[in-house]
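In what follows, a structure is listed as structure tokens, so that the remarks can point back to it.
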Amino acid sequence: MHLVAPTIRYLSNLPNGKVVLWCYLIWWATTVLHHFDPSPSIWLNSVGISAVIGIALILSVGGLRAATRDRWQTFRLFAMPFCVSSFSSLIKGKGFILVFPPSATELATTAGLCVAFIALVIGLRKARHATSA
């Protein structure tokens, strides 16, 4: 119960760019759930790519000093290459078109979860504006 108010506050103040990032995470997570492969090579390769690319991204945004200032940004700079690499490995040879699954059910589930998240954020924003007016 202690997490409800901060979570609602966080979501109601979420900038549009971060809403998109959350949708990317939802898309990745549902793909992992549908196509999970326990092969250690997929996950270890993804960790390796995450480390190499994450360090490069840290250097590109100002180095270690900048990284220690915003820990969430630093986390995202390592998480994104991990997610991209694992996503790519999991969907290889499964008939995906770009990032879209061939199964209409899977596509509807994944897109529906993203739409539901966006609707939640919009609803919380409207509620916040109604209570502040």
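The values are calculated or read from the model by the stated rules, or taken from the named source; none is laboratory data. Every value quoted in this text rests on a predicted model; they were computed, and no experiment measured them. When we count neighbours, we look across all protein chains shown, and the Cβ atoms used for this are built from the backbone with ideal geometry, even at glycine.
Under 7 Å by Cβ, and 6 or more places apart or on different chains, what pairs join a residue from segment 60-74 that is at pLDDT below 85 with one that is surrounded by 10 or more Cβ atoms within 10 Å (Cβ to Cβ)?
Leu64/Ile58; Ala67/Ile58; Ala67/Thr74
For segment 1-20, what are the residues that are in contact (Cβ under 8 Å) with a residue 60 or more places away in the chain, of a type in the set (A, V, I, L, M, F, W, C) and farther than 21 Å from Leu113 by Cβ?
None - no residue of segment 1-20 is in contact (Cβ under 8 Å) with a residue 60 or more places away in the chain, of a type in the set (A, V, I, L, M, F, W, C) and farther than 21 Å from Leu113 by Cβ, so the list stays empty.
Being part of a helix (DSSP H, G or I), at pLDDT 95 or above and touching a helix residue (DSSP H, G or I) at 6+ places or on another chain (Cβ under 8 Å) narrows it down to one residue among Ile122, Ile118; which is it?
Ile118
Consider Ser86 carefully, then state whether it is buried (at least 17 other Cβ atoms within 10 Å of the Cβ) and under 28 Å from Ser132 (Cβ atoms).
For Ser86, the condition - buried (at least 17 other Cβ atoms within 10 Å of the Cβ) and under 28 Å from Ser132 (Cβ atoms) - is not met.
Consider only pairs whose beta carbons are under 6 Å apart and that are at least six residues apart or on different chains; among these, list those whose first residue lies in segment 101-119 and is surrounded by 12 or more Cβ atoms within 10 Å (Cβ to Cβ) and of a type in the set (Asp, Glu) and whose second residue is in a helix (DSSP H, G or I) and modelled with pLDDT of 95 or more.
Close Cβ pairs (under 6 Å, with a partner that is in a helix (DSSP H, G or I) and modelled with pLDDT of 95 or more) amount to Glu106/His34.
Which condition from (1) under 16 Å from the mean Cα position of the chain (by Cα); (2) closer than 16 Å to Ala29 by Cα is the one that Leu77 breaks?
Among (1) under 16 Å from the mean Cα position of the chain (by Cα); (2) closer than 16 Å to Ala29 by Cα, Leu77 violates only (2).
Can you name every residue in segment 92-115 that is aliphatic (A, V, I, L, M) and under 12 Å from Thr30 (Cβ atoms)?
If the condition is that a residue be aliphatic (A, V, I, L, M) and under 12 Å from Thr30 (Cβ atoms), then Val99, Leu107, Ala108, Ala111, Leu113 are the ones that fit.
Look through segment 24-55, keep the residues that are among the hydroxyl-bearing types (Ser, Thr, Tyr) and touching a residue at least 40 places away in the same chain (Cβ under 8 Å), and return whichever of them is farthest from Lys92 (Cα to Cα).
For segment 24-55, the residue satisfying everything is Tyr24.
Residues Ile49, Ile53, Ile26: which one is at pLDDT 95 or above, surrounded by 15 or more Cβ atoms within 10 Å (Cβ to Cβ) and over 28 Å from Ser103 (Cβ atoms)?
Of Ile49, Ile53, Ile26, the one residue that is at pLDDT 95 or above, surrounded by 15 or more Cβ atoms within 10 Å (Cβ to Cβ) and over 28 Å from Ser103 (Cβ atoms) is Ile53.
Just the residues that are of a type in the set (D, E, K, R) and more than 24 Å from Cys23 (Cβ to Cβ), please, taken from segment 41-97.
Of everything in segment 41-97, those that are of a type in the set (D, E, K, R) and more than 24 Å from Cys23 (Cβ to Cβ) turn out to be Arg65, Arg69.
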